[in-house]
Amino acid sequence: MKKLALVVLTLFVSMSHAQEQKQIPQVSVSGEGKIKVKPDQVVVNFGVENVGKDAQEVKKMNDEKIENVLKFIKKFGIPSSDFQTTNVSLNRNYDYDKKKYNFQASQSITITLKDISKYDELMMGLVDNGINNISNVEFKSTEIEKYKSEARKLAIKDAKKKAEDFVSVLGQKVGKALLITDNSSNYYPPQPMFKGAMLEMAADMGGAPRETLAVGEIEVITNVSVSFVLE
């Protein structure tokens, strides 16, 4: 009997305590902060590739072109800290149509160019010295962290403005934030892609100066979800 009374008492206290805990009136909204940034550097990944019947001959051809490319890069004034070999390979492949084996040698290099105005000059020089593959061109900003911080602040302001719009017709006010969730994901703007055939065509067109790349802008975007107290 005592045990039953204790259980009933505990249940009564729990129910009373739950009733005392009132739900906090709140509004949950999303916010976005977006900043467009002009890039101040470009990262280019390119390579040299050769195919032939003899492994040593193919490797030798590739090494000679890479040597010329590296000499040009140094002569162009790119510091050693801003370029690096990223991949070296020598593969034996089977050609099912010709029923023969061949060998493919390739080497990739990545350059960080900190003066975008020299992009065209650099690329034409690389082509002239033997590269036949550009796998990626990526524009960057050296102050990206500063712009990310600004975008976060804009996202919170946007969320608060939305919350104020929602509650303005209810005669209430937006109070302190209860919860902030960052819903951002890394944004990678589309990058131009080039292949060997295009580079060979460009080299055959002569060395007339031309502008070949639209730099555009980088978008720094932050998305948040915020829950505000209603007052």
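The values are calculated or read from the model by the stated rules, or taken from the named source; none is laboratory data. Being a predicted model, the structure only gives us computed values, none of them experimental. Here Cβ is always computed from backbone atoms with ideal geometry, including for glycine, and neighbour counts include all displayed protein chains.
Worth pointing out:
This table checks each residue for (1) modelled with pLDDT under 90; (2) not polar (S, T, N, Q).
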residue: Asn129; (1), (2): no, no
residue: Ser141; (1), (2): no, no
residue: Lys173; (1), (2): no, yes
residue: Ala177; (1), (2): no, yes
residue: Leu199; (1), (2): yes, yes
residue: Asp204; (1), (2): yes, yes
residue: Ala208; (1), (2): yes, yes
residue: Glu211; (1), (2): yes, yes
residue: Val215; (1), (2): yes, yes
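- Selection of region 73-118 for residues being in contact (Cβ under 8 Å) with a residue 60 or more places away in the chain, among the hydroxyl-bearing types (Ser, Thr, Tyr) and surrounded by fewer than 18 Cβ atoms within 10 Å (Cβ to Cβ) yields only Thr112.
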